[in-house]
Structures are given as C-alpha cells and as structure tokens.
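The values are calculated or read from the model by the stated rules, or taken from the named source; none is laboratory data. What you are looking at is a predicted structure, and each value in this text was computed from that prediction instead of being measured. Neighbour counts are summed over all protein chains in view; Cβ atoms, including those assigned to glycine, are modelled from backbone coordinates with ideal geometry.
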C-alpha cells in the first residue's frame with residue numbers, strides 16, 4: 001500500500017453524491033474489492049462509513065478514476081440494469097504508444113477472457129465494442145478517450161493493443177514504460193542512479209460516468225487526473 005493511501009477514508013474520495021449514489025475518484029494502487037494482498041480496498045472503506053454501500057462496478061487496481069457506489073439495494077439494482085442494457089456511459093482517458101489519429105474509431109473485435117487477461121479471438125470471443133478518439137498528440141505518444149460500450153475485462157487495453165496502440169506501461173498488453181531520456185534532448189543521467197519511468201503504472205484513468213438515478217434524472221460527473229497522470233501529461237507537453 002502506498003504511503004498516501006494508508007490513512008485515507010471513503011469520504012475523502014467522494015466527488016459527487018446524491019441520496020442514492022456516491023461517486024468517488026479512486027486513486028491508483030488501491031483495489032476495488034479485497035485482493036488478499038492489501039487490507040485496504042474501496043468496498044471496505046465504503047462499508048466502514050455505511051454498511052449498506054455496494055460497489056456498482058470495478059476498476060483494475062492500477063487504474064484511477066470514477067467508481068460508482070449505491071447506498072441501497074434499489075439503487076444498486078437500478079445501476080446494474082442500466083449496465084446490463086449498455087445504458088451507462090463510461091469514458092476513459094489513456095496515454096498510448098505511437099502517434100494515432102482515431103476519430104470515433106470503432107474497435108469491435110470479439111474478446112476471449114481468461115482469469116487474468118483478454119485477447120482478440122474471432123472464434124471463441126464474446127462481442128466487444130469500444131469507441132476511440134484521439135485528444136492530443138505528443139512526440140511519440142497520444143492521449144485518447146475510450147468509450148467501452150460493452151464491459152469485457154481489460155476491454156480497452158486489449159482493443160488498443162490489437163490496433164498497435166498499447167497503453168503506456170502496460171506490459172501485459174505490450175505497452176512499454178516511458179522515460180524522460182526518450183523525449184528530453186539534453187537529459188543528464190547520473191551514473192549511479194537508475195532512471196525511473198515517468199509513470200509507474202498503466203496510464204489509464206476512468207474520466208467520466210453518466211447514468212440515471214431512481215427518479216430518471218441523469219447523474220453525471222468527471223474525475224480529475226491523479227498527480228502521476230497529470231505529471232506525465234505535463235512532461236509530454238513540455239518536451240513535445
């Protein structure tokens with residue numbers, strides 16, 4: 001567990017709240033559910049505040065951004081139904097390798113999922129659909145937004161990798177770490193120091209969510225980038 005997550009409370013993470021839902025901005029490196037390695041997880045933090053809280057969907061441990069919690073059983077069922085009917089809008093931002101011009105690009109390759117990974121499989125795969133658009137270009141990388149219409153495990157990561165645009169620092173899907181020495185011209189590396197990656201996790205952030213509450217009103221919110229993602233973009237812009 002990272003030092004800055006040790007004393008965190010659920011209330012610290014809330015960015016938008018209604019009578020039935022709490023939307024939180026998940027920091028990287030905290031599990032959504034009990035992962036048997038770390039005692040601290042989002043659901044545990046929520047239950048400490050209110051035993052009735054239920055997590056409506058998950059993010060991978062390294063992924064930051066919006067997670068929706070229901071405060072009661074009816075709210076949970078309401079969100080689950082919208083999720084099943086593909087009515088929940090979730091938008092992710094990612095920094096990917098290479099220069100890519102995606103404009104509402106439709107990645108619709110079927111995905112076959114194991115317990116740890118997804119891969120494109122036109123025989124055994126299940127339907128998967130992701131809309132991808134480029135937001136900003138740098139020297140060797142691109143910031144993209146991704147709208148997963150379906151909800152397969154690692155869907156965005158697998159689809160981007162299939163289209164030769166793996167997410168930065170995502171080795172499971174071919175994404176390489178990015179170092180300042182690669183983009184800064186006169187980079188001075190101290191001989192006795194090992195250079196660290198510009199971001200030490202998969203560069204993926206759950207940026208936006210929109211759905212309807214029990215009264216049919218739209219609940220919508222955006223999650224600010226965490227520090228590591230912001231710093232990565234700042235450096236990419238600076239040395240572009």
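Brief remarks on what is shown
- Residue pairs meeting the criteria (Cβ under 8 Å; at least 6 apart or on separate chains; first at positive phi and in contact (Cβ under 8 Å) with a residue 24 or more places away in the chain, in the stretch 139-166; second assigned to a loop (DSSP other than H, G, I, E, B) and surrounded by fewer than 16 Cβ atoms within 10 Å (Cβ to Cβ)): 154/117; 164/98
- With respect to (1) part of a loop (DSSP other than H, G, I, E, B); (2) surrounded by 17 or more Cβ atoms within 10 Å (Cβ to Cβ); (3) in contact with a strand residue (DSSP E or B) (Cβ under 7 Å, 6 or more places away or on another chain), the lone exception for residue 153 is condition (2).
- If you go through the stretch 115-136 and keep only what is over 16 Å from residue 164 (Cα atoms) and part of a strand (DSSP E or B), you end up with 126, 135, 136.
- Breaking point among (1) over 21 Å from the mean Cα position of the chain (by Cα); (2) within 29 Å of residue 124 (Cβ to Cβ); (3) at pLDDT below 95, for residue 39: (2)
- Scanning the stretch 114-148 for residues that are touching a helix residue (DSSP H, G or I) at 6+ places or on another chain (Cβ under 9 Å), surrounded by fewer than 16 Cβ atoms within 10 Å (Cβ to Cβ) and under 27 Å from residue 82 (Cα atoms) gives 116, 117.
- Each residue in the stretch 12-32 was checked for being in contact (Cβ under 8 Å) with a residue 40 or more places away in the chain, part of a strand (DSSP E or B) and surrounded by 15 or more Cβ atoms within 10 Å (Cβ to Cβ), and 7 pass.
- Qualifying residue in the stretch 33-51 (condition: under 19 Å from residue 89 (Cβ atoms), out of contact with any helix residue (DSSP H, G or I) (no Cβ under 6 Å at 6 or more places or on another chain) and assigned to a strand (DSSP E or B)): no
- Residue ID - farthest from residue 58 (Cα to Cα), chosen from residues in the stretch 179-234 that are part of a helix (DSSP H, G or I) and free of Cβ contacts under 8 Å to residues at least 40 places away in the same chain: 181
- Candidate set from the stretch 70-90 (those that are under 16 Å from residue 153 (Cα atoms) and out of contact with any strand residue (DSSP E or B) (no Cβ under 9 Å at 6 or more places or on another chain)); member that is surrounded by the fewest Cβ atoms within 10 Å (Cβ to Cβ): 84
- Only one of the listed residues (100, 93) is more than 22 Å from residue 221 (Cα to Cα) and surrounded by 13 or more Cβ atoms within 10 Å (Cβ to Cβ). That residue is 100.
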